[in-house]
Amino acid sequence: MMNVNKAEFRFYEELNDFLRPSLCKKPFIHYFRNNPTVKDTIEALGVPHVEVDLILANGEPVDFAYRLADGVHISVYPKFETFDISGIKGTGMPALRNPRFILDVHLGRLVRYLRMLGFDSLYENNSEDQELVEFSLQEHRILLTRDRELLKQEKLTHGLWLRSANPKQQAKEIIIRLDLHSMVGPFSRCMECNGLIENIDKTSVLNILQPGTLRTFNDFFRCTSCGKVYWKGAHYQRMAGILKELTEDTQSSFLVREARPDQI
Ligand SMILES: [Zn+2]
């Protein structure tokens, strides 16, 4: 008979969202045989490795390849841009400044909010899991999904599991968890195709738009990619209202973080 070894684990902050309730927010004993890697153990407990930023073994930072030994104390911290672990070596995955995203197939409404906020966000409603992972790696895009299993893909380095099923709440979650408030650039991207929006002269749309629109508005914008023309009409006012809602609620991210994301 092989010996059964023990390690003490403690998961911090929102990593607890992935654990069984009996293991949440306190140290617990994990039993294991042989010497599994800390990465495999963390995922077996339910936490996708891409959500993890820092692992301490007996107080010392270790990487994912670290192998558990009997009696070790493991602390696991989430990928919080706002959580100050500067100066400590994390899991070796570089943080993505200027974040770009790729969205899983079920996030078609979220992608419009992210583009409205100005974030570079790719989305196809027929992407295969492997394509999502490949794009994420090739273009350094954070993979957004509600599917935890997708985030456990071995090769994936940057991903975020969205707690909420509500698209607006999801957009808020992303702003708060990645601390993106200062990077919001409203109306800089096309909601349809992710292209960048440029100012255009009114004379260039005279033959395209309805006379009423031309009489009422003077500022026009065009997507540099698909050519869609935008102006500050009723649709714009509605979007401005949504943007206000998304950004106001997330301004004081420290306070909001006190609540679980699906209750914000
Ligand atoms: Zn476009």
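Sort out for me the strands (runs of 3 or more DSSP E) sitting completely within segment 39-131 that have 2 or more residues that are in contact with a Lys or Arg (Cβ under 7 Å, 6 or more places away or on another chain), closer than 30 Å to Leu196 by Cβ and at pLDDT 95 or above. Please lay out each step first, then the result.
Details: elements: 52-57, 60-62, 73-78, 101-103, 121-123.
By residue number, 101-103, 121-123.
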| remark: Filtering segment 113-142 down to residues that are touching a residue at least 60 places away in the same chain (Cβ under 8 Å) and over 15 Å from the mean Cα position of the chain (by Cα) yields Met116
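What number of residues in segment 227-243 are over 26 Å from the mean Cα position of the chain (by Cα), within 16 Å of the ligand (Cβ to nearest atom) and not in a strand (DSSP E or B)?
Of segment 227-243, the ones over 26 Å from the mean Cα position of the chain (by Cα) are 227-235, 237.
Filter once more, keeping what is within 16 Å of the ligand (Cβ to nearest atom): 227-231, 235.
Add one more test, that the residue is not in a strand (DSSP E or B), and what stays is 227-228, 235.
Going through segment 227-243 one residue at a time, the tally reaches 3.
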| message | Suppose we keep only residues that are out of contact with any Cys (no Cβ under 9 Å at 6 or more places or on another chain) and among the polar types (S, T, N, Q) within segment 1-56. Which one would you say is nearest to Val76 (Cα to Cα)? | response | Thr41
| field | All positions within segment 192-211 that are away from the ligand (no atom under 16 Å from the Cβ), out of contact with any helix residue (DSSP H, G or I) (no Cβ under 9 Å at 6 or more places or on another chain) and charged (D, E, K, R) | value | Asp201
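Only one of Leu180, Leu156 is under 25 Å from Ile42 (Cβ atoms) and more than 16 Å from the ligand (Cβ to nearest atom); which? Full working, then the answer.
Details: Leu180 fails: under 25 Å from Ile42 (Cβ atoms).
Just a single option satisfies the conditions, and that option is Leu156.
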| task | Go through the residues of segment 147-165 one by one and say whether even a single one is acidic (Asp, Glu) and under 18 Å from Arg100 (Cα atoms). | result | no
| request: Go through (1) crowded, with 16+ Cβ neighbours inside 10 Å; (2) aliphatic (A, V, I, L, M); (3) within 16 Å of the ligand (Cβ to nearest atom) and name the single condition Leu246 misses. | output: (3)
| message | Looking at (1) in the same structural domain as Gly118 (by TED's automatic domain parsing); (2) of a type in the set (Gly, Ala, Ser); (3) not in a loop (DSSP other than H, G, I, E, B), which one does Ser204 not meet, given that it meets all the others? | response | (1)
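The values are calculated or read from the model by the stated rules, or taken from the named source; none is laboratory data. Just so it is clear, the model here is predicted, and its values are computed rather than measured. Every residue, glycine as well, gets a Cβ built from its backbone with ideal geometry; the counts of neighbours run over all protein chains shown.
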